[in-house]
1. Roughly how many nanometres apart are two label points built 7 Å out from the Cα toward the Cβ at LEU64 and GLU105?
2. Name the most mobile residue of GLY44, GLY156, GLY89, meaning the one with the largest mean-square fluctuation, in a Gaussian network model of the chain with Cα contacts below 10 Å.
3. Give a quick list of GluC sites (Glu not before Pro) in region 1-52 that DSSP marks as loop, anything other than H, G, I, E or B, with at most 12 other Cβ atoms within 10 Å.
4. Step through the residues of region 217-226 one at a time and calculate ³J(HN,Hα) from phi using the Karplus curve (6.51 cos²θ - 1.76 cosθ + 1.60, θ = phi - 60°), rounding each to whole Hz and writing x for Gly and Pro.
5. Convert each backbone phi in region 203-211 into a coupling constant with the Karplus relation 6.51 cos²θ - 1.76 cosθ + 1.60 (shift: θ = phi - 60°), then list the ³J(HN,Hα) values in order as whole Hz, x for Gly and Pro.
6. Can you list, largest first and rounded to whole Å, the semi-axes you get for region 189-233 by taking the square root of 5 times each eigenvalue of its Cα gyration tensor?
7. Measuring from centroid to centroid over Cα atoms, what is the spacing of region 83-99 and region 101-155 in Å?
8. Report the label-to-label distance for ARG76 and THR97 in nanometres (one decimal), using points 7 Å from each Cα along the Cα→Cβ vector.
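What follows is calculated from the coordinates using simple rules that are stated; it is not laboratory data. Keep in mind that what you see is a predicted model, and the values were worked out from it rather than measured. When we count neighbours, we look across all protein chains shown, and the Cβ atoms used for this are built from the backbone with ideal geometry, even at glycine.
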Amino acid sequence: MRFEGKVVIVTGAGSGIGEATARRFSLEGAAVVLVGDHRKNTDGVAKDLPRDRTMVQKADVSKLADMEKVVAATVRKFGALHVMVNNAGVFEGSNVTGTKPREWEHVIAVNLGGVFNGSRAALPQLLKTRGCIVNTASVSGLGADWDSSAYNASKGGVVNLTRAMALDYGREGVRVNAVAPSFTLTNMTEDMAKNKKLVAKFMERMPLGRIIQPADVAAVIAFLASDDARMVTGVILPVDGGVGASNGQPPMG
């Protein structure tokens, strides 16, 4: 019950990592605000959580006004905000010449703009509670993937925005960290998971030998938000099954 008495906002909470994260915080005693752009999904998650400490908010994270309304509603209902989890994300896969300008703008607006908007809206409250921010970056923000220019750029931005906020707000008591998952089994990656050859290639690079589950990432997000990580800020923590341990060369055996 590390988060009993704490209030947490999770964006992209209707499925995948966001859903698992909302459930993890709730399990550990937090009041949780589930944010998504489809009420059907977030309502479906909320029905399993304690009614007295669960709230659903529909919002587009790419719009600052939406996120300001979410924070205001959170404080009205629960009285404070202690943890902001900027998790909402989208994917468009192509190189620069193959990416349409509107696709680029959408990915940057949601993946990077969503972190900026959520953080900007939450920080006035987090400064009061000496709370924290945890962002969902990606191993694609630490090193590039093929044919994923917009996604790579957006997640690279999340990585350095996380570090910048850690510097700017640390002395005021607000910690800012990020997780960087590798291939995680979510709605966004379900087509990838059906490709046996692709999965086999991932397993060649992943020492722990299995696809990451959303609950695996949620556990690390909860750690970074907890007092157990009270001296941890500005960290981009890979949740990658060991992929980052390799220098890129194939197995020799």
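1. The modelled label-to-label distance comes out at 1.8 nm.
2. GLY44
3. Numbers: sites: GLU4, GLU19, GLU28; in loops: GLU4, GLU28.
Answer in residue order: GLU4.
4. Once rounded to whole Hz, the list reads 6, 4, 5, 6, 4, 4, 4, 5, 7, 8.
5. 5, 4, 9, 10, x, 6, x, 8, 5
6. Numbers: eigenvalues 179, 27, 10 Å².
So the equivalent ellipsoid measures 30, 12, 7 Å along its semi-axes.
7. Centre-to-centre distance over Cα atoms comes out at 8 Å.
8. For the pair ARG76/THR97, the computed spacing is 5.2 nm.
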